[in-house]
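Scroll down for the structure; my scribbles are underneath it.
A short reminder: the numbers here are calculations on the coordinates, not readings from a lab. The model shown is predicted, which means the values in this text are computed figures rather than measured ones. Every residue, glycine as well, gets a Cβ built from its backbone with ideal geometry; the counts of neighbours run over all protein chains shown.
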Amino acid sequence: MTIPNKKAQGTFAEKVGDYCVKDISLAKEGRLLIDWAESRMPVLMGLREKYSKTKPFAGYKIAGCLHVTKETAVLIETLAEAGAEVYWSGCNPLSTNDAVAAALAEKGIHIFAWYANHEDFYWCIERTIDAKPHLTLDDGCDLIDTVHEKYKELANNHIIGGSEETTTGVHRLRARAAAGQLFYPVYAVNDAETKWDFDNVYGTGQSTLDGIIRATSVLLAGKNFVTAGHGHCGSGVAKRAKAMGSNTIITEISAVAALKGWLEGHEVMTMDEAAKVGDIFCTATGVKDIIVKRHFESMKDGAIVCNTGHYDSEINIDDLKSISKSNRTIRPNCEEYVLADGRRIYLLAEGRLINLAAAEGHPSEVMDMSFANQFMAHLSLIERYKSGENIPIEVMEIPPSQDENVASTKLEMMNLKIDALTEEQIRYINDYNAGT
Ligand code: ARJ
């Protein structure tokens, strides 16, 4: 099989056997990164130890489409050690770590991913579907969508189930289910408490600022830092920007979320107002066209604009280009646009998620919980399937018992102890007569 795109055939990618990565000689470097992540992901490593013995996935194929990072590598290799044959592609053109991809390829993972893969993005996804997977693991729904639109027979009659990692993907999934267009059951891993309450808040908070700093090296203290969206991700970003000394401003469409932000100490205003005063802008909404032409037109000279939402549609880059007389790359992931009157606006990472494009994504410690949830979701799918259950075709919630399990294992691994209710206390909280 040949790589369709010229760029990919030449310098961008090297195809050896059943994988396609940029440069297999980076494997050693990638292995060091994966070892490092493993040492910080004890919950997932515990699952690996347990299920490498029983191999519940033996004889089954899993296709995944999720950022190829050192943390994802720990998930992939855990699935493989639990018996699965794994096929993988990246879920964003700018988030693959080429060294990690090489290390995975060397280990026998069928991986189709390389950094800056804009042209062959869907080609890579389709190579993982060609393997006829039994399970799919998504971040952003691109794999599920491709299977449903182009491989209907597989979706209807072959695939047992899937999982989805992120808020935006779960939205897409629910829209698909509501339209009667979902053909196999999918776990909404994002909605597990031990995912969104940690990954989305603390993970996004730290890694987004990390990305902004790596792409610009600007001082955050004293800057007006505008976060669009005060959901789980946006609130994490605003919280961390505030901790770094920025004057934090949030924009919202939800009155409740805006009020929460206000009581956290952030200023609340519309984007029309914020555009005039912001020094750094970060979108975290999951909605398109948050920053458009009229906003760019009112921005200060030197304003920095970036996005940490899943898709690159939150900042309207065509609008920015349409009012710019020139642009140039200042440094990796930092593009300068000069407007007609000479004002400069800096767009980071092409408006793609800054934390993965310019930094390394969320730290391993937090991905430990997200990916333990992913592993357990797939374990549940395969066990339910093997037991002969007819799993209803719907978007499924992660059961609270799984959250409890992930959280208590995480605490145990950190040697943290918690209290337990006494019998007397249990009686008390269940007694409707208890009071003054
Ligand atoms: C892999 C990561 C990492 C990382 O869980 C996060 C989420 O919901 C995503 C939206 O696309 C990104 C995903 N994520 C964040 N950091 N996936 N490795 N280090």
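Fewest Cβ neighbours within 10 Å first, please rank HIS171, HIS134 accordingly.
Ordered from fewest to most neighbouring Cβ atoms within 10 Å, HIS171, HIS134 come out as HIS171, HIS134.
Among TYR122, TYR115, what is the fewest-to-most ranking by other Cβ atoms within 10 Å?
The fewest-first ordering by Cβ neighbours comes to TYR122, TYR115.
Measuring from centroid to centroid over Cα atoms, what is the spacing of the stretch 330-346 and the stretch 177-192 in Å?
41 Å
Determine the relative contact order of the stretch 50-153: mean sequence separation of Cα pairs under 8 Å and six or more apart, normalised by residue count, in whole percent.
Relative CO of the stretch 50-153 lands at 32 percent.
Where does each of LEU411, LEU356, LEU47, LEU33 land when they are ranked from fewest to most other beta-carbon atoms within 10 angstrom?
LEU411, LEU33, LEU47, LEU356
Can you give me the relative contact order of the chain as a percent, contacts being Cα pairs under 8 Å and 6 or more apart?
After rounding, I find 15 percent.
Might you report the magnitude of the Cβ-based charge dipole of the stretch 339-436 about its Cα centre, with Lys and Arg at +1 and Asp and Glu at -1, to the nearest 20 debye?
460 debye
Which cross-chain or sequence-distant (5 or more) residues have an amide H under 5 Å from the amide H of CYS65, H modelled 1.01 Å from N in plane?
It is SER89, LEU137, ASP138, ASP139, by chain and number.
Can you tell which of ASN200, ASN405, ASN415 shows the greatest fluctuation in a Gaussian network model of the chain with Cα springs below 10 Å?
For the chain, modelled as a Gaussian network with Cα springs under 10 Å, the answer is ASN415.
Karplus couplings for the stretch 290-298 from phi (6.51 cos²θ - 1.76 cosθ + 1.60, θ = phi - 60°), rounded to Hz, Gly and Pro as x?
Taking θ as phi minus 60°, the curve returns 7, 10, 10, 3, 5, 6, 4, 5, 9 Hz for the stretch 290-298.
Evaluate the charge dipole of the stretch 123-219 about its Cα centre and quote only its size in Debye, nearest 20, assuming +1 on the Cβ of each Lys and Arg and -1 on the Cβ of each Asp and Glu.
Charge dipole of the stretch 123-219: 220 debye, to the nearest 20.
Measure out, as a whole number of angstrom, how far apart the alpha-carbon centroids of the stretch 256-329 and the stretch 31-99 sit.
Answer, in whole Å: 35.
Sort the chain into rounded, prolate or oblate with this rule: let a ≥ b ≥ c be the square roots of the eigenvalues of the Cα gyration tensor; rounded if a/c is under 1.5, and if a/c is not under 1.5, prolate when a/b is larger than b/c, oblate otherwise.
oblate
When the dipole is taken about the Cα centre of the chain, and only Lys, Arg (+1) and Asp, Glu (-1) are charged at their Cβ, what size is it in debye, to the nearest 20?
Roughly 880 debye, rounded to the nearest 20.
On a 21 Å Cα-Cα criterion, which of the cross-link pairs LYS293/LYS325; LYS293/LYS321; LYS70/LYS288; LYS242/LYS288 come out too long?
Beyond 21 Å between Cα atoms: LYS70/LYS288; LYS242/LYS288.
Amide H to amide H under 5 Å from ILE304: which residues, 5+ apart in sequence or cross-chain, H placed 1.01 Å off N in plane?
ILE280, PHE281, TYR346
Say a site is exposed when it is one of the GluC sites (Glu not before Pro), sits in a DSSP loop, and has at most 14 other Cβ atoms within 10 Å; what is then the longest site-free stretch of the chain?
Between exposed loop sites, the widest span is 1-263.
Specify which residue in the list LEU66, TYR346, LEU416 is farthest towards the positive end of the charge dipole of the chain, using unit charges on the beta carbon of Lys, Arg (+1) and Asp, Glu (-1), about the Cα centre.
TYR346
Find the relative contact order for the stretch 263-357 and round it to a whole percent, using C-alpha pairs within less than 8 Å whose residues are 6+ positions apart.
About 27 percent, as a whole number.
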